[in-house]
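The values are calculated or read from the model by the stated rules, or taken from the named source; none is laboratory data. Quick caveat, the model's predicted, so the values are computed rather than measured. Here the Cβ positions follow ideal geometry from the backbone for every residue, glycine too, while neighbour counts run over all protein chains shown. Remember, those area values only see protein heavy atoms, side chains included, never the ligands or the DNA or RNA. Shrake-Rupley method; radii C 1.70, N 1.55, O 1.52, S 1.80 Å.
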Amino acid sequence: MATKAKVAKSKLKAAEIAALYAQLAAERPDPKTELDYTNPYTLVVAVALSAQATDVGVNKATKRLFAVADTPEKMVALGEEGVANYIKTIGLWRNKAKNVIALSELLIEKYGGDVPRNRDALTELPGVGRKTANVVLNEAFGEPTIAVDTHIFRVSNRTGLAPGKNPDQVEAVLERVTPDAYKKGAHHWLILHGRYVCDARKPACWRCGIAEICKFKTKTPNPADAPKKAKPTTKKPVKKTAKPTLAKG
């Protein structure tokens, strides 16, 4: 008889989960993506370009790109080489330029240039995976989706909120345990907390609002509380005076 696979569970109690989100919500009452966009289409492009790149770097490139191409039709008219010229500062720019043109062509062909409000339809677009689709559904259409990136994966595992070995497992737990009242903002709260507080190398536990709820054992102490090392004292070398020599005679 086949054994059922274990379903990952949160290490936090329901009251702790509610308190965790309440604190993050208090810190950032109006969470939103840090990617610049003007409509659902430019959001799709921006998120697709953000893979293995920083939001700051993407925004610098798309500021010029979206000024000349903010619709699928304008992007296709710009062409792959044209797009590439705007995004050369972003990692994997050649492949990303190819995907931007391909997804734009598919949007025109299949959806009349509109961005579909459907996860399956979005993931059919070249360069758009589940994470990108969830971001678009959440940010552009207000859907209560949670896109698990490296920050959310780390925070979810480190705090015990949603343990998982891969993003899909973490997403499943988050969808299950996140209270409905917090689902719309959960993605942003967790990603921003991971970006600015729960750093990968050295989490700033001493200024973390959810530190008492978090199950991370090795909390980082406040650097200001570390004992100051005494400055080594350097003794001045004693000058040796030459002994007088006695004359022979």
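At a glance:
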quantity	calculated
GluC sites (Glu not before Pro) restricted to DSSP loop in the range 135-233 with at most 14 other C-beta within 10 Å	GLU212
Cα long-axis angle, helix 183-196 against the chain (0 to 90 degrees, to the nearest 10)	30 degrees
Charge context of ALA200, other residues only, Cβ under 11 angstrom, K/R +1, D/E -1	+4
Mean separation of Cα contacts under 8 Å, 6 or more apart, over the residue count of the chain: relative contact order %	20 percent
Within the accessible area of the range 1-149 (1.4 Å probe), percent carbon and sulfur	52 percent
Dipole magnitude of the chain, debye to nearest 20 (Cβ charges: Lys/Arg +1, Asp/Glu -1, about Cα centre)	2980 debye
Mean accessible surface per residue for the range 1-133, computed with a 1.4 Å probe while every protein chain stays in place, in Å²	57 Å²
Structure-based [θ]222 nm, the chain - -39500 (n - 2.57) summed over DSSP H runs of at least 4, per residue, nearest 500	-16000 deg cm²/dmol
Alpha carbon Rg of the chain, scaled by the compact-globule rule 2.2 N^0.38 Å	1.51
Most to least packed among 180-191, 62-73 [average Cβ atoms within 10 Å]	180-191, 62-73
When the convex hull of its Cα atoms is projected in every direction, mean area for the range 137-223 (nm²)	5.7 nm²
Solvent-accessible surface (1.4 angstrom probe) belonging to THR38, in square angstrom, nearest 10	100 Å²
Above-threshold pairs, the threshold being 21 Å between Cα atoms, out of LYS32/LYS60; LYS131/LYS165; LYS60/LYS110	LYS60/LYS110
Farthest toward positive dipole pole in the chain [+1 Lys/Arg, -1 Asp/Glu at C-beta], among THR159, TYR37, LEU190	THR159
Inverse of mean 1/r across different Cα pairs in the range 85-130, Kirkwood, Å	11.3 Å
Per residue accessible area in Å² of the range 161-228, where ligands, DNA and RNA are left out and the probe is 1.4 Å	58 Å²
Summed residue charge, Cβ within 12 Å of PRO72's Cβ, Lys/Arg positive, Asp/Glu negative	-3
Volume in Å³ per residue [convex hull over Cα atoms, computed for the range 1-131]	171 Å³
Counting all C-alpha pairs of the range 46-92, share separated by more than 13 Å (%)	51 percent
